[in-house]
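Here's the structure we're looking at; comments come further down.
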Amino acid sequence: MGKFVQLVVDGLSTGSVYAALALAIVLVHQATGLINFAQGGMAVLSAYVVWRLTDQGLPLVAAILVAIVLSVAFGALVERWLMRRFERGDPDTAVVVTIGLLTLITGFAGWLWTYNNQQFPSLFPLDTVSFLGVSVSVRSLGTTAVIVVAMLLLQGLFVGTKLGLALRAVAINPQSAAFCGLPVGRLLMVGWGLAAALGAVAAVLVAPQLTLTPGMLDNALVYALAAVILGGLTSPIGVVVAAWIIGILENLAAVYVSFIGFDLKVAVPFILIFVVLIVRPQGLFGRKTVVRV
């Protein structure tokens with residue numbers, strides 16, 4: 001029983017890593033209607049900024065705050081000078097542009113800082129606590145706590161604030177939103193900026209566990225997209241719960257399902273995706289979209 005509980009706790013910790021990036025993806029989609037595949041690359045860029053600032057002697061918390069501010073500006077500029085040129089075209093084209101942006105950012109980071117693994121300072125202590133035979137690191141607890149707070153704030157933003165409602169209106173129908181007097185361009189920039197800031201927080205939480213490299217979040221991005229599909233693009237709470245489910249089931253399958261093991265555990269989220277897309281295409285917590293013709 002103790003082994004089972006330990007696997008569940010470790011799965012929650014791993015799932016929190018996926019959830020951090022998934023929340024940023026949901027934020028961009030809720031604000032722009034677009035899936036941003038470059039989210040991981042933008043987050044890694046922010047992590048490198050923090051790493052360089054701390055290397056120059058700036059305290060970690062101050063470096064994180066500077067990186068968040070720079071991330072907001074960078075996200076807004078990406079929307080204004082790059083993505084806006086494709087907003088009236090085929091949505092698939094915009095998705096391809098984000099994939100190209102991911103490749104560009106990864107290559108730029110590798111060229112500037114090399115592809116070597118870099119040790120990243122942890123925001124939380126590295127101590128562990130034990131309870132009923134289960135060991136949990138303080139870093140995992142802190143990461144999970146930050147993700148829960150971010151999830152609640154994001155849910156509250158889109159449900160209970162005028163800004164959140166305006167962002168959703170622009171994402172659903174920018175033309176109608178413009179006719180209603182909403183500043184569509186500025187709201188799109190705000191959405192990208194907020195998502196970039198959330199991505200920066202995610203990277204700072206993840207980097208100490210994975211070590212900092214230009215492709216640090218490539219694998220996590222796959223799991224984050226799986227969490228988004230499972231949880232639903234319209235539900236921040238849903239994607240966090242889905243990320244935790246993926247982390248837990250992945251750990252349990254690796255240990256208790258002999259033909260999967262640790263080598264094939266990556267297949268677990270894809271199997272879940274297939275099942276959910278067949279049974280409930282809008283995701284476990286998502287809402288159906290009704291289109292009138």
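Condition check: surrounded by 12 or more Cβ atoms within 10 Å (Cβ to Cβ) and over 19 Å from the mean Cα position of the chain (by Cα). Does residue 81 satisfy that?
No; evaluated as a whole, the condition is false for this residue.
State whether the residues of region 245-255 include one that is in a helix (DSSP H, G or I), open to solvent by 10 Å² or more (accessible area, probe 1.4 Å), in contact (Cβ under 8 Å) with a residue 12 or more places away in the chain and of a type in the set (S, T, N, Q).
yes
Go through (1) of a type outside the set (Ser, Thr, Tyr); (2) more than 27 Å from residue 210 (Cα to Cα); (3) surrounded by 14 or more Cβ atoms within 10 Å (Cβ to Cβ); (4) in contact (Cβ under 8 Å) with a residue 12 or more places away in the chain one by one and return the number of the condition residue 91 breaks.
(3)
Go through region 108-125 and report how many residues are out of contact with any helix residue (DSSP H, G or I) (no Cβ under 6 Å at 6 or more places or on another chain) and over 16 Å from residue 47 (Cβ atoms).
Count: 1.
What number of residues in region 38-67 are outside any helix (DSSP H, G or I) and either in contact with a Phe, Trp or Tyr (Cβ under 6 Å, 6 or more places away or on another chain) or within 16 Å of residue 109 (Cβ to Cβ) (or both)?
Number of matching residues: 1.
Of all residues in region 53-80, count the ones that are basic (Lys, Arg) and out of contact with any helix residue (DSSP H, G or I) (no Cβ under 8 Å at 6 or more places or on another chain).
0
So, in region 211-226, how many residues would count as being on the phi > 0 side of the Ramachandran plot and either open to solvent by less than 10 Å² (accessible area, probe 1.4 Å) or outside any loop (DSSP other than H, G, I, E, B) (or both)?
Qualifying residue count for the region: 0.
The values are calculated or read from the model by the stated rules, or taken from the named source; none is laboratory data. These figures come from a predicted structure and were not determined experimentally. Cβ coordinates were reconstructed from backbone atoms using ideal geometry, including for glycine residues, and neighbour counts include every protein chain displayed. These accessible areas exclude ligands, DNA and RNA; they are computed on the full protein's heavy atoms, side chains included. Shrake-Rupley method; radii C 1.70, N 1.55, O 1.52, S 1.80 Å.
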